[in-house]
Structure formats: C-alpha cells, structure tokens
Amino acid sequence: MRNFDIRNSAIAGVLVATASLSFFAAGCSSSDSTTPTGTAVSRGEALVKSQDCVSCHQDTGGKTLAGRLQPVANTAKSVVVYGPNLTPDVETGIGSWTDAQILTALKNTKDDEGAQLCSTMPSFTRLGDSSLNDIVAYLRSIPAVSNQAPESICPPLKTGDGEADGGAD
Ligand code: HEC
C-alpha cells in the first residue's frame, strides 16, 4: 500500500510538473503583455455587467461608463443624480483617483476627498476586496472619454448650491 501511494504521488508530481510547464510555455508565447491583468480585467468586466453599473454611469447609447448627462431615474422627491464618468479621463473621469480612493467609493460610497456620495450609489462591500480590485482593473482598462456629468442633488447631503463640500477642514 505504502509503495503504491508513493508511486501515485510521484506520477501526480510528474503530471503537475508537465501541466505547469505547458502553462508556462503558453504564457511565454501568447502575447507581449507580461502582467496577468487580462484575467482581472475580464473578471472586472463581468462584475460591472452583473452589477449593472452602466444603468447609472452611462447614458443610453453613450460610451462605456462615460457618465450620465441624463439624470438617473429616481423615486425620491428632489433627488436628481447623475452617475459620474468612470473612465480614466483625468479631468472628467476618475483617471487621477488612486486605487484606494476607487475602493473607498465602492465600499464606503465616499468620493476622492472623503465626502459622502448620494445614497443612490450602492455599496459593493459584499463583493469582497478581490472582486473589487478586479473592478478597479477593468475601470483602468476602458478608454478615457471626456464627458462631464452634472453635479448630483440629494438633499440634505448635496443641495445643488455648490457648497456641498463646506467645512472640509
Ligand atoms: C443605482 C445607480 C448606481 C449604480 C448601479 C452604480 N452607481 Fe456608482 N454612482 C452612482 C451615483 C449617482 C454616483 C454619484 C453620487 C454623487 O454624486 O454623490 C456614483 C458614484 C460612483 C463613483 C464615484 C465617482 C465620482 O466621480 O464621484 C464610483 C467610483 C462609482 N460610482 C462606481 C460604480 C461602479 C463600479 C458600479 C458598479 C459596480 C456602480 N458605481 C454602480 C450611481 C450608481
């Protein structure tokens, strides 16, 4: 019995070694990209689809996640929100945000300055950090589009008077 087990694991070892060799070979010959972001990006894309981020962050017929110029349909009175541009554009998107700032937006619904976002933006904490990192990788991969979504209004948090950020320090 003991001998048999040893033989078996030796065979398994050879199989594993062979498998990783061919994996390695495939990796080497496949492309000029050396980082494994391809899978993170495609997982992130699938998550963005399943969570329907486009319903709030893209106009009908608009470019991928480039933000809304039409308000998001909302039942609450006096709430008029526009999903911001999530492309890597530095001026109008989130191109200048760090990964940590994007993760904070996804988990704690706060912007890059720590200000609370309108509650229309859901928290995605339940997806877990690994999935949220995949979403960040995907957002980094989409084409930058210059498109400035209007300021959201969601009283009392954001009243539309341009002073939502009052008393930052
Ligand atoms: C139900 C609508 C809705 C959905 C679904 C939604 N968001 Fe949002 N999101 C918003 C709104 C509205 C804001 C802006 C709130 C504000 O201005 O205070 C926002 C803000 C953000 C911000 C901060 C951007 C900025 O410039 O302030 C990020 C990042 C973000 N959303 C990412 C996502 C991602 C990624 C998904 C999908 C996993 C998603 N959102 C799904 C409505 C939504």
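When you check I94 against the structure, is it touching a residue at least 12 places away in the same chain (Cβ under 8 Å) and not in a loop (DSSP other than H, G, I, E, B), yes or no?
No.
Taking the conditions (1) touching a residue at least 12 places away in the same chain (Cβ under 8 Å); (2) farther than 15 Å from T120 by Cα; (3) within 9 Å of the ligand (Cβ to nearest atom) in turn, S50 satisfies each one other than (1). Residues in region 110-138 that are without any contact (Cβ under 8 Å) to a residue 40 or more places away in the chain and assigned to a helix (DSSP H, G or I): T125, R126, D129, S130, L132. For region 98-109, which residues satisfy the criterion of being farther than 24 Å from Q70 by Cα and assigned to a loop (DSSP other than H, G, I, E, B)? Within region 98-109, just T98 meets the criteria. Within region 81-88, at least one residue is within 11 Å of the ligand (Cβ to nearest atom), more than 20 Å from G160 (Cβ to Cβ) and either part of a loop (DSSP other than H, G, I, E, B) or touching a residue at least 12 places away in the same chain (Cβ under 8 Å) (or both). In region 34-56, the condition of being of a type outside the set (D, E, K, R), assigned to a loop (DSSP other than H, G, I, E, B) and at pLDDT 95 or above is met by at least one residue. Comparison of D165, D169, D134 shows that the only residue that is at pLDDT 95 or above and either over 28 Å from S78 (Cα atoms) or of a type in the set (D, E) (or both) is D134. For beta carbons closer than 7 Å, sequence separation of 6+ or different chains, a first residue in region 58-78 that is assigned by TED's automatic domain parsing to the domain that holds D89 and without any contact (Cβ under 8 Å) to a residue 12 or more places away in the chain and a second that is among the aliphatic types (A, V, I, L, M) and in a loop (DSSP other than H, G, I, E, B), the qualifying pairs are D59/L69. For region 122-151, a residue qualifies if it is within 12 Å of the ligand (Cβ to nearest atom) and β-branched (V, I, T), and the qualifying residues are T125, I135, V136, I142. Residues in region 93-114 that are among the hydrophobic types (A, V, I, L, M, F, W, C) and more than 8 Å from the ligand (Cβ to nearest atom) were compared, and the one that is nearest to P156 (Cα to Cα) is L103.
The values are calculated or read from the model by the stated rules, or taken from the named source; none is laboratory data. Owing to the predicted nature of the structure, the values given are computational and were not obtained by experimental measurement. Because the Cβ atoms are built from the backbone with ideal geometry, glycine has one as well, and the counts that use them run over all protein chains shown.
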